Amino acid sequence: MTNLNSSLVDELSHKKLILISGKGGTGKSLVAASFGRFMASRGKRVLVIESCAREQVSALFGLDPTGHSETKVLDNLYCINIQPRYCFEEYVILHLGLAQLYERVFRNKIVKSFLDAMPGLAETMLLGRIFHACQLTEPAYDMVIFDGPALGHFFSLLTTPQAVLSTGIGGPLIREVERVHALFTDSKRTGIVLASLAEKLVMSETLEFIPKILQDTKISILGVVVNRFFSEQDQNALYRLREGNDRLQPVISYLEQKVQTSLSIYTELMDELTQLGFSKKRVHTIPELGTIPQVISLELAHMLWDQ
Amino acid sequence: MQDGVLLPWLQSKKVVVLLGAGGVGKTTCSITVAFKAALAGAKVGLLSIDPAKRLAAALGISLGRHPKRIPLHNSQLRGEGFIEAAMIDQKGIFDQMVYKHAPNSQTAEKIIAHPIYDAASTKLAGPLEYMALAELQNMIEANRYDLIVLDTPPDTHALEFLSRPNVLEGFMENRVMNWLIKPFHMASRMGVGRILTAGEKLMGGMAKVTGLHALRLVAEFLVLIQQVIDGFHLSGEKILSTLTQKSTGYILVTTPQPMAAAACTNLGKQLIRLGFHLDWIFFNRCLPEHLAKILESYEPYSLGDDGLSVDRLHARYQAEKKVTSDLLSLFEGDKSLLSLSIDETILPIDSETAIWDFANSFG
């Protein structure tokens, strides 16, 4: 919320780290991948991160699953699917200089057991790896975009490290947690974007998370992206179509109803955000496209994000 | 797609499990399936994960593992039909398990008061699915219901629990407990300076990462919780037996969109690979039938610029057709697969009336 007049896209463009979340099915991966593509076309060196069992970002970039390896999509654009298990390995070897220890001591199953048994360890590893991508990778990324899990899991992920500190974890992990915290809570560098739909239940749950996130994580929320949106332009066009298109009347009515809902949810969103202290410019809408191509093209990225 | 088949099928089952990706309407479908069965006179138990808050409030489903009667207002409600619903609360259930299986109440108290209990119980409890199954078992044993409907959490951790419901995630290798942590714990309790176990290097290495104090805490906790874990193992056997019976049915919920369909494909294949039977695919949020007919013969771009949203709707229709038929082809090798499509609703489903309307609209 540094500049009341800047749009969401403007705000995002200046960030080092963008964390994306939203309810299931709201288009998080689409937002992450398309914005990454858009920024890369603007000359930024971008890494898009996901951390999941079934990769979606790599698919949207037209790649086979990439796994835990920074994979080039195009000039300036990379993606990776971070696996906590490999983070731990990297951490022990790279940060602690304990390569020999790792070879001799840590084996696959054991690592998994520890990651499972030690509360917060896997989350800390994931967040630490994101930190690494932002601050320690050479050559440096201008922007890192994290296609995060759905709202509930996202919230747990972000609050885990602080909880972990309170359980007595010490040594190098404290430093890890602290530097992650410093980066994430630095609103000049890091911000959260929430994806939503113009649907009542989806929007209300999204809005409920905003104060929670602000309070418990202290990470700045940059704004909301509303997907599958119908606009006033659509409304005007539909009005003009009413004449002479009798057979299509049910379709036109249906779409007009969609517009009504979209616009009324949008208004409610604006009111809520204003009450929470956000500028209205922090809402970005993405139109209902009917269908998304399997792979995000440059044209599509521009259509979604050009202002 | 099959009409009029859903209700008889529900009436032939004791347990129905709904699976699907996030955002496809799985929870709403679970509630609706329960309503349909209750309307026809069944005594239904409903176990739900995180229903939309408004829906929960409207139906009086509160957070808590004890099933609560949902007040139903439908003049066509037959016979003794009712629904008792509970929402799965991971922490609450784990607390119960601790009290149930700990050797005595002091140990139970120690566990719950332990500094890492809060953080660890989410890991120890494993995926929410596991807890759902434990509660399912409770509901079955209560013998109150003709049908139990289980709404599972969204798919990310898939169906590991189905293959190994007797394994408590977080302690994948019980051996870790025995040959590594226990001796470590005993040694540190005895105040021995060096750790005198075979796992010395490992624990030493781990301590370099987490610090020794944290490691000791975890070890202590694991030792305390050993008997609770053993109790879980026993429940697991029973749960597996319930899941594999013919009287347990599986419904995959999806929307006719590529990303949800990919998740559905993944879940469906896993289900089959694990030896379970995929009974239904629900295609939720479909374009309404009457519009599909019109769009079928619509010529894209024929309306000029003003027709953009119509063109896009047409594109959506085409894409949905393809996704649906691809998904069905994939699973229709099994001739007994059933499917139905559910039209998207205009109004949000956030009240009892809305659920009744929704229930009437399909099946």
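Observations on the model:
- Average partner coverage of A:189-196, which counts Cβ from other chains inside 10 Å: 0
- Along each principal axis, Cα extent of the range A:132-265, largest first, Å: 74, 35, 21
- Shown here are the Rg and Dmax of the Cα trace of the range A:12-62, at 11.0, 31 Å.
- Between the helical axis of A:151-165 and the longest alpha-carbon principal axis of chain A there is an angle of about 30 degrees.
- Taking every alpha-carbon pair under 8 Å whose residues sit at least 6 apart, the range B:2-103 reaches a relative contact order of 27 percent.
- Cα gyration tensor category, rounded, prolate or oblate, for the range A:124-194 with a/c compared to 1.5: oblate
- Taking the three principal axes of the alpha carbon atoms in the range B:317-361, the coordinate ranges are 38, 26, 12 Å, sorted in descending order.
- Virtual spin-label span in nm between A:Ala99 and A:Asp186, 7 Å along Cα→Cβ: 2.9 nm
- Its Cα gyration tensor gives the range B:207-363 an equivalent ellipsoid. The semi-axes, each the square root of 5 times an eigenvalue, are 45, 23, 17 Å from largest down.
- Size descriptor, Kirkwood hydrodynamic radius, that averages inverse alpha-carbon separations across the range B:6-93, Å: 13.5 Å
- Label zone at B:Gln245 (point 7 Å along Cα-to-Cβ), backbone N below 15 Å, the range B:1-38: B:11-17
- Cα-based radius of gyration for the range B:274-351, normalised by 2.2 N^0.38 Å, reads 1.39.
- Net charge contributed by nearby residues that have their C-beta within less than 12 Å of B:Ser339 (K/R +1, D/E -1): -4
- Between helix A:108-117 and chain A: long-axis angle, C-alpha atoms, 0 to 90°, nearest 10: 70 degrees
- Across the range A:225-273, Cα-Cα pairs farther apart than 18 Å form 35% of the total.
- Rg over Rh for chain A works out to 1.02, both radii taken from alpha-carbon positions and Rh defined as the Kirkwood radius.
- Temperature 4 °C, viscosity 1.567 mPa s: under these conditions the Stokes-Einstein estimate for the range A:1-86, based on its Kirkwood radius over C-alpha pairs, is 94 µm² per second.
- Among B:Val223, A:Val225, sorting on how many other beta-carbon atoms sit within 10 Å of each Cβ, with the fewest leading, yields B:Val223, A:Val225.
- Residue-averaged beta-carbon neighbours from other chains (10 angstrom radius) around A:236-247: 3
- Ordering B:Val17, B:Val228 from the fewest to the most neighbouring beta carbons within 10 Å gives B:Val228, B:Val17.
- Peptide-level mean, for B:288-299, of C-beta atoms on other protein chains within 10 Å: 2
- Two-site label geometry, B:Arg69 and A:Leu289: point separation in nm, points 7 Å out along Cα→Cβ: 5.2 nm
All of the numbers you see were taken from the coordinates with simple rules; none came from a lab. Bear in mind that the values here come from a model prediction, so they are computed numbers and not experimental data. Methodologically, a virtual Cβ is constructed for each residue, glycine included, from the backbone with ideal geometry; neighbour enumeration extends over all protein chains shown.
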